[in-house]
């Protein structure tokens, strides 16, 4: 599986962040994830107006968490 991994932080508390991920079928590959990720992140932000995306990347599922 391909994973869109992203981190969001609260607008009111920028140091309070949470990891998230959305899964894509592997047959679509990393390139498809890169293309679709902006649309998916925009949808997510639209439904979570108190948060902002601080980082994101496409990777193979289970490659680990964000860098500390």
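The values are calculated or read from the model by the stated rules, or taken from the named source; none is laboratory data. Predicted model, so just to flag it, every value in this text is computed and none were measured. Don't worry about glycine lacking a Cβ; one is built from the backbone with ideal geometry, like all the others, and counts go over all protein chains shown.
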*asked:* Criterion first (surrounded by 16 or more Cβ atoms within 10 Å (Cβ to Cβ), within 11 Å of the chain's Cα centre (by Cα) and more than 18 Å from residue 63 (Cα to Cα)) does residue 4 satisfy it?
replied: no
*How many of the residues in the range 21-47 are at pLDDT 95 or above and part of a strand (DSSP E or B)?*
0
*Report whether or not residue 7 is touching a strand residue (DSSP E or B) at 6+ places or on another chain (Cβ under 8 Å) and not in a strand (DSSP E or B).*
no
*Could you run through the range 21-46 and say how many residues are without any contact (Cβ under 8 Å) to a residue 40 or more places away in the chain, surrounded by 11 or more Cβ atoms within 10 Å (Cβ to Cβ) and within 19 Å of residue 62 (Cα to Cα)?*
11
*asked:* Looking at the structure I just gave you, is residue 18 without any contact (Cβ under 8 Å) to a residue 60 or more places away in the chain, surrounded by fewer than 16 Cβ atoms within 10 Å (Cβ to Cβ), in contact with a strand residue (DSSP E or B) (Cβ under 9 Å, 6 or more places away or on another chain) and assigned to a strand (DSSP E or B)?
replied: yes
